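*Asks:* Below: one structure in structure tokens.
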Amino acid sequence: DIKYLHLLEYIDEVETLMDTLHPQLAQGFLSLSRANFASGLGIGKKFGQDYWDYGERDSHVHVCVATGEFRDLLQEQNDKVDEKAVENAEAETSGLRSRNSKLEPKKIDTVEAQPVKFKNQIRMFNGGMVPLPLRQSQQKFKSCLPIVVKIAQLRQQISDLMDEL
């Protein structure tokens with residue numbers, strides 16, 4: 001009896017998550033259609049494979065369904081670069097100069113920023129010059145990823161529970 005109750009709870013949670021996922025996906029596709037209309041690519045031309053830059057293909061979002069871990073490597077990389085920039089700016093402004101003396105300020109060795117490993121995938125289209133609705137569409141679809149991961153976990157638990165019954 002307890003297993004049946006757990007099964008019904010899992011099914012209810014999946015349905016609830018699907019109800020929250022549907023409007024977000026609809027908004028994402030609506031923004032995508034607005035971007036296609038406002039793009040100026042021409043009638044019948046849409047953002048798709050024809051406009052991909054095949055040089056930038058690494059995914060910057062890693063998802064582990066088993067643990068529910070969701071990592072945006074692009075955001076982590078940008079945070080690290082921002083921290084280095086702040087440290088370099090603090091180091092440059094830390095020395096005081098006297099205008100009347102002939103002493104030169106200390107030269108501080110700055111650390112070169114490492115080349116960007118992960119790039120925002122939206123820059124594959126039109127060289128990064130994309131309409132605002134396409135960026136909004138990307139954000140909507142990104143916000144759906146944690147919900148999709150949770151649904152996949154619940155479906156796996158339902159499948160495991162069904163095997164036990």
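The values are calculated or read from the model by the stated rules, or taken from the named source; none is laboratory data. It should be emphasised that the depicted structure is a prediction, and the values quoted were computed from it without experimental measurement. When we count neighbours, we look across all protein chains shown, and the Cβ atoms used for this are built from the backbone with ideal geometry, even at glycine. When the accessible area is computed, the model is the full protein with side chains, heavy atoms only, and any ligands, DNA or RNA have been set aside. Shrake-Rupley method; radii C 1.70, N 1.55, O 1.52, S 1.80 Å.
*Asks:* Return the total of residues in segment 38-50 being modelled with pLDDT of 65 or more and open to solvent by less than 90 Å² (accessible area, probe 1.4 Å).
*Replies:* Summing the residues that are modelled with pLDDT of 65 or more and open to solvent by less than 90 Å² (accessible area, probe 1.4 Å) in segment 38-50 gives 5.
*Asks:* So, Lys84, is that one modelled with pLDDT of 70 or more, of a type in the set (Lys, Arg) and part of a helix (DSSP H, G or I) or not?
*Replies:* Against the criterion (modelled with pLDDT of 70 or more, of a type in the set (Lys, Arg) and part of a helix (DSSP H, G or I)), Lys84 does not qualify.
*Asks:* Contact list please: Cβ distance under 9 Å, first residue in segment 147-165 and in a helix (DSSP H, G or I), second residue of a type in the set (Val, Ile, Thr) and open to solvent by less than 40 Å² (accessible area, probe 1.4 Å), pairs at least six apart or on different chains.
*Replies:* Listed pairs, sorted by first residue: Lys150/Val14; Ile151/Val14; Leu154/Val14; Arg155/Val14; Ile158/Val14.
*Asks:* Something else now. Any residue in segment 29-40 that is within 21 Å of the chain's Cα centre (by Cα), aromatic (Phe, Trp, Tyr) and assigned to a helix (DSSP H, G or I)?
*Replies:* Yes.
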